[in-house]
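What follows is calculated from the coordinates using simple rules that are stated; it is not laboratory data. Please read these numbers as outputs of a predicted model, since none were measured by experiment. All Cβ positions, glycine included, derive from the backbone under ideal geometry; neighbour counts span all protein chains shown.
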Amino acid sequence: AIFLPAAVLLSQTPTLEAAELERTFIAIKPDGVQRGLISEIIHRFERKGYKLVAIKLLIPSKEFAETHYDDLRGRPFFNGLCDFLSSGPVVAMVWEGQGVIKYGRKLIGATSPHNSEPGTIRGDLAISVGRNIIHGSDGPETAKAEIALWFKPEELVNYTSNAEKWLYE
Ligand code: ADP
C-alpha cells in the first residue's frame, strides 16, 4: 500500500463548497400547480436533502415558454407544449446539492409517465406525457442556461443550511 501524507489526502477530498456549487432548475408546470401538488413536489426534493436557493410563482408568456423549450422547436408537440406552459402559474425553483442535476432527474422520472417508475414524481403523480407536472434540467449546461433564463442573479439566495454537516461527510 502507498501511504500518502494527510495533507495530500485532504487536498484530494472534495470540499463541501464544491458539493454545494451544483444547482439545477426545477419547475412545477401549470398542471402540477392546478392539481395541488406544489408541496408534494417540494417535499420530495427537501427531504432528500437538497437546498432550495430560489423560488417564485409566475405565469410565463408564450414567447418565454418558446425560449425555455428552444431545443424542441420543430417537434410536433412544440406549440401545444408552449401554450400549455404559459397557460397558468408555474413554480420556478433552483435546488442545490451534490449531484442534484442527475439525481433530480431520477426523482422526476422518465419523460412519459407511462415509463416512469413508481416512486418517482411522474410515476406516482401523472399519467400523460403532455401533462407530466414537472420540469428539471437535463445536464450542467442546460441547468446553467435555465437558471439564468428564469432568475436574476440576486434572486438566488446564498446561505448555509444547518443540515449540511449531517448530509455530507
Ligand atoms: P423532459 O421534460 O423529460 O426533459 P423533453 O425535454 O424531451 O422531456 O420534453 C419536454 C416536455 O415536452 C416534456 O416534459 C413533455 O411535457 C413534453 N413532451 C415530450 N414529448 C412529448 C410528446 N411526444 N407529446 C407531447 N408532449 C411531449
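Ordered by residue, what ³J(HN,Hα) values in Hz, to whole numbers, does the range 143-149 give under the Karplus form 6.51 cos²θ - 1.76 cosθ + 1.60, where θ = phi - 60° and Gly and Pro are x?
After applying 6.51 cos²θ - 1.76 cosθ + 1.60, I find 4, 4, 5, 6, 4, 5, 6 Hz.
If we count other beta carbons within 10 Å of each Cβ, what is the order of Tyr168, Tyr50, Tyr103, Tyr159, fewest first?
In order of increasing Cβ crowding within 10 Å: Tyr159, Tyr168, Tyr103, Tyr50.
Could you tell me the distance between the Cα centroids of the range 30-45 and the range 103-150, to the nearest Å?
13
Roughly how many debye, to the nearest 20, is the charge dipole of the chain about its Cα centre, given +1 on each Lys and Arg Cβ, -1 on each Asp and Glu Cβ, and no other charges?
Once rounded to the nearest 20, the dipole reads 360 debye.
Per DSSP H run of n ≥ 4, the term is -39500 (n - 2.57); total these for the chain, divide by its residue number, and report the mean residue ellipticity at 222 nm rounded to 500 deg cm²/dmol.
Mean residue ellipticity at 222 nm (helix-derived): -11000 deg cm²/dmol.
Simple spin-label model, 7 Å along Cα-to-Cβ: Ile59 to Leu21 in nm?
In this crude spin-label approximation the distance works out to 4.0 nm.
How big is the C-alpha Rg of the range 15-100 next to the rule-of-thumb value 2.2 N^0.38 Å, as a ratio?
Normalised by 2.2 N^0.38 Å, the Cα Rg of the range 15-100 equals 1.22.
Place a point 7 Å from Cα of Tyr159 in the direction of its Cβ. Which residues in the range 95-134 have their backbone N less than 18 Å from it?
Within reach of a label on Tyr159, which here means backbone N under 18 Å from a point 7 Å along Cα→Cβ, the range 95-134 contributes 95-97.
In a GNM of the chain with a 10 Å cut-off on Cα contacts, which of Asp71, Asp124, Asp31 has the highest mean-square fluctuation?
Asp71
How large is ³J(HN,Hα) for each residue in the range 128-133, as worked out from phi by the Karplus curve 6.51 cos²θ - 1.76 cosθ + 1.60 (θ = phi - 60°), to whole Hz, x for Gly and Pro?
10, 4, x, 9, 9, 6
Calculate the FRET efficiency for Ala148 and Ser87 from the Cβ-Cβ distance with a Förster distance of 22 Å, rounded to the nearest 0.05.
0.35
What span do the alpha-carbon atoms of the chain cover on each of the three principal axes, reported in whole Å from largest to smallest?
So the extents along the principal axes, rounded to whole Å, are 60, 36, 31.
Any idea how many Lys pairs in the chain come in under 17 angstrom at the alpha carbon, given 8 or more places apart or on separate chains?
Lysine pairs, 8 or more places apart or on different chains, close enough: 12.
Helix 38-48 versus the longest principal axis of the chain: what is the Cα-based angle in degrees, 0 to 90, to the nearest 10?
The answer is roughly 20 degrees.
Please report Ile26, Ile108, Ile55, Ile121 as a ranked list, fewest other C-beta atoms within 10 angstrom at the top and most at the bottom.
Ile55, Ile108, Ile121, Ile26
Toward the positive end of the charge dipole of the range 119-169, about the Cα centre and with charges on Cβ (Lys, Arg +1; Asp, Glu -1), which of Ser161, Pro140, Gly123 goes farthest?
Result: Gly123.
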